Amino acid sequence: MRIAILCSGGDCAGMNPAVKQFVDYCLAEEIEPYFIYDGLEGMIDGTIKRAEYSDVAGIMHLGGTMIRSSRSPRFYEYAYRKEAYENLQKHGIDRVVILGGDGSFRAMHEFHQEFGVRFVGIPATIDNDIYGTEYCLGVDTSLNIIRNATDAIRDNASSIKRASVIETMGRECGYLALVSAIVSGAEVCIIPEAECDFNALALKLKSQLKQGRTYIICVVAEGTKMTQKTVEWLEHEIGMETRATVLGYVQRGGNPTVFDRLMAAKFVEYAVDYLEDETKEGGSVVVYQGSQCKLVPIDYVLSESYQLDEKLLDMAKDMMR
Ligand code: F6P
């Protein structure tokens with residue numbers, strides 16, 4: 001049996017541990033592991049190779065992905081998907097593990113319906129925005145990077161009496177910003193999923209400043225597009241010198257945390273076990289629910305959009321009003 005692995009979309013920490021676990025686990029199960037380099041682009045271009053133990057030696061602690069990733073506009077076109085299928089056929093591959101977000105899973109689902117290639121999706125995106133799973137690979141590492149950065153920025157802000165606005169990634173999802181604001185003890189949290197009452201926040205912050213507050217930390221999710229407006233609000237409405245830090249791509253790199261390495265191992269074993277099972281059909285996704293991994297049909301994951309946990313939102317409500 002041959003199974004291939006590829007990474008698709010935004011890279012994240014945890015992909016390398018997953019790739020290593022995939023090769024080690026396949027070889028232990030007497031399955032032939034294959035790499036598809038450069039994501040769906042590589043499937044189209046045929047950059048496919050049989051994987052060996054030696055390929056994955058010493059990658060466990062590295063961020064990113066040694067087999068690289070891509071966003072593939074070409075894969076939307078049938079002609080390129082056909083080429084991709086022919087490339088898989090050349091190598092005798094009829095099942096695939098794909099690490100990525102729901103856009104990548106949707107593409108694989110269509111590919112499966114056209115050509116019958118079985119696949120399992122492993123949620124891997126720092127955005128943590130996939131319906132049906134409480135966790136996506138890379139999120140813990142990203143949150144720890146944001147925590148480090150926020151701690152350092154607080155050192156600056158508190159030493160020099162400033163406000164600091166910290167912009168996190170996440171696309172339309174405020175998960176990274178929300179959790180980071182909670183664990184960093186921020187004063188303000190601005191995310192796409194919740195309204196901020198700036199008048200109420202202004203009253204509160206001004207009164208705290210009168211009572212001796214010396215700095216303000218605001219965490220803003222990129223999806224709100226509110227970073228610059230928040231800087232202006234702090235300077236003009238609150239009257240505090242303000243700096244902004246857009247954390248950017250540091251959130252996608254870095255060596256994977258213990259949790260991401262462990263989750264990579266669990267996700268991969270579930271994925272390979274499922275693909276190994278000849279009685280199973282179609283596309284599935286390994287999800288994490290209630291501290292357990294399980295397989296769910298791809299339709300389930302694609303059926304709705306991700307919603308933030310109400311309890312987390314509630315914990316941050318004082319940072320929004
Ligand atoms: O989906 C992951 C992510 O890092 C988002 O948080 C961010 O908005 C986007 O990717 C950046 O995309 P690109 O890698 O195409 O610049």
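The values are calculated or read from the model by the stated rules, or taken from the named source; none is laboratory data. Please read these numbers as outputs of a predicted model, since none were measured by experiment. Virtual Cβ from ideal backbone geometry, glycine too; neighbours counted across all protein chains shown. Calculation scope for accessible area: heavy atoms of the full protein, side chains included, ligands and nucleic acids excluded. Shrake-Rupley method; radii C 1.70, N 1.55, O 1.52, S 1.80 Å.
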Report task. Could you order 15, 66, 319 by accessible surface area, starting with the largest, using a probe radius of 1.4 Å? Result -> 66, 319, 15
Report summary line: Among 291, 46, 26, the residue whose Cα sits farthest towards the positive end of the charge dipole of the chain, when +1 is placed on the Cβ of each Lys and Arg and -1 on the Cβ of each Asp and Glu, is 291
Query raised in the report: Remind me, what semi-axes does the range 113-166 give for its equivalent ellipsoid, largest first in whole Å, using sqrt of 5 times each Cα gyration tensor eigenvalue?
Result: 40, 9, 8
Report summary line: Only helices counted: for the chain, with every DSSP H run of 4 or more residues adding -39500 (n - 2.57) and the sum spread over all residues, [θ] at 222 nm is -12500 deg cm²/dmol
Requested in this report: Quick one: give the max-minus-min coordinate of the C-alpha atoms of the range 162-241 along each principal axis, largest first, in Å.
Outcome: 35, 23, 20
Query raised in the report: When only alpha-carbon atoms count, how far does the chain stretch along each of its three principal axes, as whole angstroms with the largest first?
Result: 71, 38, 35
Query raised in the report: Can you pull the Kirkwood radius for the range 1-69, inverse mean 1/r over Cα pairs, to one decimal in Å?
Result: 11.9
Query - Total charge dipole magnitude, the chain, about the Cα centre, Cβ charges on Lys, Arg, Asp, Glu only, Debye to nearest 20 - result: 1100
**Report entry** Fraction of accessible area attributable to carbon and sulfur, the range 1-109 (%, probe 1.4 Å)
**Finding:** 49
Requested in this report: Determine how large the accessible area of residue 184 is when every protein chain is in place; take a 1.4 Å probe and give Å² rounded to the nearest 10.
Outcome: 10
Requested in this report: Using only alpha carbons, build the gyration tensor for the range 88-196 and give me the equivalent ellipsoid semi-axes, biggest first, whole Å.
Outcome: 39, 14, 9
Requested in this report: Could you tell me what fraction of 2.2 N^0.38 Å the Cα radius of gyration of the range 186-303 comes to, as a two-decimal ratio?
Outcome: 1.64
Query raised in the report: Which whole-number percentage describes the relative contact order of the chain, with Cα contacts under 8 Å and a sequence gap of 6 or more?
Result: 23
Report summary line: Of 117, 250, ordered by accessible area with the largest first and a 1.4 Å probe, the sequence is 250, 117
Report summary line: the range 133-222: relative contact order from alpha carbon pairs under 8 Å, six or more residues apart, as a whole percent, is 39
Query raised in the report: Dipole size in debye (nearest 20) for the range 81-169 around its Cα centre, Lys and Arg Cβ +1, Asp and Glu Cβ -1?
Result: 160
Query - GNM flexibility winner over the chain from 247, 203, 275 (Cα, springs under 10 Å) - result: 203
Report summary line: Restricted to the chain, the DSSP antiparallel beta bridge percent, nearest 5, is 20
Query raised in the report: Which peptide among 301-313, 140-152 comes first, and what is the full order, when sorted by highest mean count of other Cβ atoms within 10 Å?
Result: 140-152, 301-313
Query raised in the report: Considering only protein heavy atoms, what is the solvent-accessible area of residue 34 at a probe of 1.4 Å, reported in Å² to the nearest 10?
Result: 20
Report summary line: Here the relative contact order (percent) of the range 13-160, from C-alpha pairs under 8 Å and at least 6 apart, is 21
Report summary line: Taking Cα atoms, the helix 198-210 axis meets the longest principal axis of the chain at an angle in degrees (rounded to 10) of 60
Report task. Using the heavy atoms of the protein chains and a 1.4 angstrom probe, tell me the accessible area per residue for the chain in square angstrom. Result -> 43
Report summary line: If one builds a Gaussian network model of the chain from Cα atoms under 10 Å apart, the most fluctuating residue listed among 101, 170, 282 is 282
Query - Across 20/225; 161/317; 225/317; 294/317; 20/294, pairs whose alpha-carbon gap is larger than 28 Å - result: 20/225; 294/317
Requested in this report: Arrange the residues 99, 295 by how much accessible surface each exposes, largest first, with a 1.4 angstrom probe.
Outcome: 295, 99
Query raised in the report: In a shell of Cβ-Cβ distance under 12 Å around residue 39, excluding residue 39 itself, what net charge do Lys and Arg (+1) and Asp and Glu (-1) give?
Result: -1
**Report entry** Descending semi-axes in whole angstrom, ellipsoid equivalent of the range 1-152, from the Cα gyration tensor
**Finding:** 26, 19, 13
Requested in this report: In debye, nearest 20, what is the charge dipole magnitude of the range 102-242 about its Cα centre with +1 on Lys and Arg Cβ and -1 on Asp and Glu Cβ, if you could check?
Outcome: 560
